[in-house]
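Notes follow once the structure below has been shown.
The values are calculated or read from the model by the stated rules, or taken from the named source; none is laboratory data. Bear in mind that the values here come from a model prediction, so they are computed numbers and not experimental data. Note: ideal-geometry Cβ built from the backbone for every residue, glycine included; neighbour counts use all protein chains shown. Note: areas computed on protein heavy atoms with side chains; ligands, DNA, RNA excluded. Shrake-Rupley method; radii C 1.70, N 1.55, O 1.52, S 1.80 Å.
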Amino acid sequence: MSKPVTEQFTYMSVAESLRHLDADQTSGLTSSEVQKRLEKFGHNEIKEARESIITRLSKKFWNPTSWMLEFIIMLSWVLGKYFDLYVVSALLLLNAILGFVQEQKASAALDSLKKKLYINARVLRERKWNSIPAQDMVPGDITRVRAGDFVPADLKIIEGDLEVDKSALTGESLTILQKSGDILYSGSVIKKGEATCVVISTGLNTYFGKTVQLVEVARPKLHTEEIIARLVRVLVAISGSLLAIVFLLSIMKGTSFFMILPLIVVLFLSAVPVALPAMFTITMALGALELARKGVLVTRLSASEDAATMSTLCVDKTGTLTLNRLTLAEVYENGNYKKEDVLLYGLLASNEANQDPIDVVFITAAKETGIDTEGFIQKEFVPFNPSTRRTEATVEKGKINFTVAKGSFSAISLLCGISDPQNKKVAEFAGKGYRVIAVSKQITENGSMDLVGIVGLYDKPREDSAKLVAELKDLGISTKMLTGDSLPIAKEIAHEVNIGERITKMADFSNIVKTDQKKASEIAENSDGFAEVYPEEKYFIVKALQSKDNVVGMTGDGVNDAPALRQAEVGIAVSNATDVAKGSASVILTKEGLSNIVDLIKTGRAIYQRVTTWIFNKIIKTFQIVVFVALAFLFTGQIIVSTFDIVLLLFLVDFVTISLATDNVRGSKLPDKWNINGLVKVSSILGAATIIESFGLLYIGIHYLGFTSQLERLHTFVFDILLFSSLLTILVVRERSNFWKSIPSRILLVTVIADILFSSIISVVGIPGLLPISLISVAVALTYCLVFSLVVNDFIKIMLIKKVEI
């Protein structure tokens with residue numbers, strides 16, 4: 001077979017295309033043939049273009065953190081302090097390299113995660129329909145596409161009619177009708193219908209020269225990053241304000257401007273958030289990988305952050321609250337029809353290739369019952385459509401053609417001309433929690449349909465659903481059930497899983513939305529669920545809940561769920577979702593049920609707490625250093641800590657906070673909400689406490705430890721004060737309650753202890769830029785900081801958090 005190119009198939013008939021591709025519509029390709037074609041044409045993918053290593057590394061020198069360090073380097077050069085210049089330059093280089101390395105590791109982790117997000121395709125191979133990764137498709141594969149699918153390669157339609165959206169490829173806003181013999185281009189979206197097709201081109205050989213990235217891990221600017229940007233402005237404002245005050249007071253005292261410049265270097269350097277890029281990249285990436293291990297795949301890194309603030313969760317009944325394993329519970333035959341007739345005509349209105357759960361029930365039941373289908377030929381099949389709520393098929397028996405249909409009782413009763421859709425048997429089935437499927441067949445040549453019977457299908461609630469709904473409630477999340485089933489079924493399932501009794505009929509809600517949106521929002525917030533919901537109506541439920549300041553999570557699986565998934569802050573595609581739903585969601589579940597969602601919320605809140613700890617610690621540390629050093633300069637006329645000391649402090653403390661990404665934090669029991677003002681307020685008060693404590697220790701050092709006339713050794717002592725206080729503050733602020741209520745992660749604990757030991761040793765031994773002091777001086781500083789940080793400051797923190805919500 002020659003290399004297939006899409007254009008050459010445009011004017012070929014279906015039969016000619018199959019011959020050219022050496023493809024068999026009835027049996028598909030063999031395993032050996034697939035392997036040969038994979039070797040010849042490669043996988044159905046195109047490698048993603050990436051920036052060069054040099055470009056990515058150079059960007060590490062162009063960001064707010066680097067700008068602050070570069071400003072300090074220039075200032076050191078102006079002052080002729082070349083040692084400081086070299087030290088800060090080394091810090092700038094180290095920060096860039098570490099950030100680059102950690103970003104590379106995080107990127108590699110996300111690439112491995114992305115591989116799990118590849119879409120699957122239905123293909124016929126060796127006479128069996130299978131679901132395989134779309135990247136493993138080869139020219140000549142027989143495949144099946146239907147509403148909600150991305151077209152995974154260039155295809156030629158063998159049979160079936162489709163409505164196709166090509167807007168992502170051509171910019172055409174209107175959908176296109178395509179039928180047998182037409183070409184489907186890779187990256188298009190099937191909006192309606194289904195069809196059997198043959199793959200004609202893959203990968204680089206597709207018409208548009210590349211495959212569309214069907215599900216991608218997005219990297220938008222996180223809300224956390226915006227918070228941190230505000231935080232950096234606060235830190236710079238604190239430093240700038242104090243510098244202005246010190247500058248004015250110093251000029252009034254007659255202090256030389258050049259004496260103040262070194263202080264500017266020290267204070268601005270202390271405000272630099274050196275480890276920020278690495279810490280947040282690692283935190284989000286590790287969170288995504290942690291969720292992946294639990295069966296939750298994030299397609300947008302901010303999803304875990306959004307989940308922490310989620311207050312309301314709208315869930316589909318099927319597959320989330322229930323097992324999504326339909327079983328035939330009861331059959332009711334209408335009039336003179338028999339049970340076998342109901343199963344037969346239901347089977348004829350089904351299509352095995354689609355693997356639709358309801359179709360599978362009829363196919364399985366017919367096989368088990370031994371229904372004879374000989375002589376019946378399905379000539380045409382119209383798949384399920386959410387707007388019609390039924391499937392239809394044209395069947396030939398002998399020389400007679402007739403139509404069969406199955407679907408919701410309300411949809412089938414309209415076909416059959418039943419004026420009263422409130423059938424007693426339907427109500428009885430619904431009362432038992434059964435999903436009711438009605439079956440009908442054509443009885444006259446003019447198309448009149450007759451009700452053959454109804455079938456009760458039971459999708460049993462999952463054993464853990466009630467427990468997990470209760471757990472979500474304990475986490476402060478209101479769970480609302482959304483289902484297309486009738487009101488009695490919805491009430492029965494809601495009762496079984498303890499969601500609540502207040503179930504609203506969607507038709508009633510929709511009428512109120514049109515007339516009184518404020519009332520509709522109140523109804524949405526107070527309801528425990530909605531019945532008889534069409535997928536496209538979920539969007540209005542989400543909007544109504546958001547208008548009441550709810551942060552909404554939304555589960556979905558179908559193409560019509562996409563608007564609601566996009567609108568929700570946390571769009572969650574369930575395990576069996578269509579490609580379009582997955583493309584619209586920020587989270588994809590790989591397991592059924594609510595357990596994955598509970599994991600998402602808990603992990604999200606843990607990530608939120610780690611981020612909060614970093615912010616908390618950074619504000620306290622910056623406030624302590626800036627105010628302490630500035631006030632000490634005003635009182636003593638001396639800069640009590642050197643630029644080298646601050647650089648070393650940043651290295652030992654800021655890079656320790658990277659390990660917060662692995663900390664064993666306890667997430668909040670209620671949805672989180674960013675309160676940067678509250679954080680600054682609490683941090684400032686704790687910072688003020690540490691300043692008072694630091695002056696107390698400075699007093700001891702000057703008057704009792706002999707640092708009165710030893711300025712450079714005083715630098716070492718002050719370095720120890722700031723370092724010990726900063727490291728112990730991390731252990732205090734990582735826990736909202738008493739610091740001992742949760743044990744830090746091994747990495748964090750080991751890093752803090754190692755830092756204390758290392759700094760103690762270099763303080764006693766001395767290194768270039770840090771003169772040695774006595775072991776007693778180090779011990780006094782450490783003991784003092786231990787008592788005040790873990791006892792006094794921990795008590796102050798608890799009192800403040802009780803008054804200020806953070």
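Within the stretch 629-680, the set of residues being closer than 23 Å to residue 737 by Cα and of a type in the set (Asp, Glu) comprises 663, 672.
Please indicate, with yes or no, whether at least one residue in the stretch 716-724 is free of Cβ contacts under 8 Å to residues at least 40 places away in the same chain and among the aliphatic types (A, V, I, L, M). Can you show your working first?
As a first pass, look at the stretch 716-724 and keep what is free of Cβ contacts under 8 Å to residues at least 40 places away in the same chain: none.
Checking the stretch 716-724: not a single residue is free of Cβ contacts under 8 Å to residues at least 40 places away in the same chain and among the aliphatic types (A, V, I, L, M).
When the stretch 635-651 is limited to residues that are within 17 Å of residue 709 (Cβ to Cβ) and in a helix (DSSP H, G or I), the one that is most open to solvent (accessible area, probe 1.4 Å) turns out to be 635. Go through (1) modelled with pLDDT of 85 or more; (2) of a type in the set (Ser, Thr, Tyr); (3) open to solvent by 10 Å² or more (accessible area, probe 1.4 Å); (4) closer than 30 Å to residue 492 by Cα one by one and return the number of the condition residue 373 breaks. It is condition (4) that residue 373 fails. Within the stretch 28-46, the set of residues being β-branched (Val, Ile, Thr) and free of Cβ contacts under 8 Å to residues at least 60 places away in the same chain is empty.
Criterion applied to 165, 136, 182 was being open to solvent by 20 Å² or more (accessible area, probe 1.4 Å), acidic (Asp, Glu) and modelled with pLDDT under 90, and the one residue passing it is 165. Checked against (1) in contact (Cβ under 8 Å) with a residue 12 or more places away in the chain; (2) part of a loop (DSSP other than H, G, I, E, B), residue 549 passes all but condition (1). Among the residues making up the stretch 470-497, a single one is of a type in the set (A, V, I, L, M), in contact with a Pro (Cβ under 7 Å, 6 or more places away or on another chain) and assigned to a helix (DSSP H, G or I): 493. Annotation: residue 201 fulfils all but one of (1) modelled with pLDDT under 85; (2) surrounded by 17 or more Cβ atoms within 10 Å (Cβ to Cβ); (3) closer than 27 Å to residue 16 by Cα; the unmet one is (1).
How many of the residues making up the stretch 592-609 are open to solvent by 10 Å² or more (accessible area, probe 1.4 Å) and at positive phi? Result for the stretch 592-609: 0. Just one residue in the set 26, 55 is under 26 Å from residue 120 (Cα atoms) and either modelled with pLDDT of 85 or more or out of contact with any Leu (no Cβ under 8 Å at 6 or more places or on another chain) (or both); that residue is 26.
I'd like the full set of residues that are more than 22 Å from residue 536 (Cβ to Cβ) and modelled with pLDDT of 90 or more, limited to the stretch 380-396. Listed by number, the residues that qualify are 393, 394, 395, 396. Of everything listed in (1) among the hydroxyl-bearing types (Ser, Thr, Tyr); (2) touching a His at 6+ places or on another chain (Cβ under 8 Å); (3) free of Cβ contacts under 8 Å to residues at least 24 places away in the same chain, the single unmet condition for residue 636 is (2). Number of residues in the stretch 103-133 that are exposed (fewer than 15 other Cβ atoms within 10 Å of the Cβ) and modelled with pLDDT of 75 or more equals 5. Just one of the listed residues (718, 778) is within 22 Å of residue 618 (Cβ to Cβ), β-branched (Val, Ile, Thr) and either open to solvent by less than 40 Å² (accessible area, probe 1.4 Å) or over 46 Å from the mean Cα position of the chain (by Cα) (or both), and it is 718. I want to confirm something. Restricting to the stretch 552-579 and keeping residues that are free of Cβ contacts under 8 Å to residues at least 60 places away in the same chain and surrounded by fewer than 23 Cβ atoms within 10 Å (Cβ to Cβ), which single residue is farthest from residue 671 (Cα to Cα)? So the residue we want is 563.
Among the residues of the stretch 731-738, none qualifies, meaning not one is more than 30 Å from residue 475 (Cα to Cα) and either modelled with pLDDT of 90 or more or of a type in the set (A, V, I, L, M, F, W, C) (or both).
The set of residues from the stretch 307-333 being open to solvent by 10 Å² or more (accessible area, probe 1.4 Å) and of a type in the set (Ser, Thr, Tyr) comprises 309, 311, 318, 327, 332.
Among the residues of the stretch 29-49, which ones are surrounded by fewer than 10 Cβ atoms within 10 Å (Cβ to Cβ) and either modelled with pLDDT of 80 or more or over 17 Å from residue 135 (Cα atoms) (or both)? Within the stretch 29-49, 31, 32, 39, 49 meet the criteria. Put simply, of 597, 620, 615 the only residue that is aliphatic (A, V, I, L, M), outside any loop (DSSP other than H, G, I, E, B), in contact with a helix residue (DSSP H, G or I) (Cβ under 7 Å, 6 or more places away or on another chain) and at pLDDT 85 or above is 620. With respect to residue 432, determine if the residue is open to solvent by 10 Å² or more (accessible area, probe 1.4 Å) and in contact (Cβ under 8 Å) with a residue 24 or more places away in the chain. For residue 432, the condition - open to solvent by 10 Å² or more (accessible area, probe 1.4 Å) and in contact (Cβ under 8 Å) with a residue 24 or more places away in the chain - is met.
Condition first: open to solvent by less than 60 Å² (accessible area, probe 1.4 Å), assigned to a strand (DSSP E or B) and closer than 20 Å to residue 337 by Cβ. Can you find one or more residues in the stretch 407-427 that meet it? Looking for residues that are open to solvent by less than 60 Å² (accessible area, probe 1.4 Å), assigned to a strand (DSSP E or B) and closer than 20 Å to residue 337 by Cβ, one finds at least one in the stretch 407-427, hence yes.
Summed over the stretch 434-486, the residues that are over 32 Å from the mean Cα position of the chain (by Cα) and of a type in the set (A, V, I, L, M) give a count of 11. Could you please let me know if residue 100 is at pLDDT below 80, closer than 30 Å to residue 649 by Cα, under 39 Å from the mean Cα position of the chain (by Cα) and open to solvent by less than 40 Å² (accessible area, probe 1.4 Å)? Yes: the conditions hold for residue 100. The numbered conditions (1) on the phi > 0 side of the Ramachandran plot; (2) in contact with an Asp or Glu (Cβ under 8 Å, 6 or more places away or on another chain) are all true for residue 766 except (2). Among what's in the stretch 745-766 and is β-branched (Val, Ile, Thr) and under 47 Å from the mean Cα position of the chain (by Cα), pick the residue that is surrounded by the most Cβ atoms within 10 Å (Cβ to Cβ). It comes out as 751. Put simply, of 692, 658, 676 the only residue that is crowded, with 21+ Cβ neighbours inside 10 Å and either out of contact with any helix residue (DSSP H, G or I) (no Cβ under 8 Å at 6 or more places or on another chain) or not small (Gly, Ala, Ser) (or both) is 658. If the condition is being of a type in the set (Ser, Thr, Tyr) and outside any loop (DSSP other than H, G, I, E, B), then the stretch 570-594 contributes only 584. Are any of the residues in the stretch 687-704 touching a Ser or Thr at 6+ places or on another chain (Cβ under 9 Å) and without any contact (Cβ under 8 Å) to a residue 24 or more places away in the chain? The answer is yes, given that some residue of the stretch 687-704 is touching a Ser or Thr at 6+ places or on another chain (Cβ under 9 Å) and without any contact (Cβ under 8 Å) to a residue 24 or more places away in the chain.
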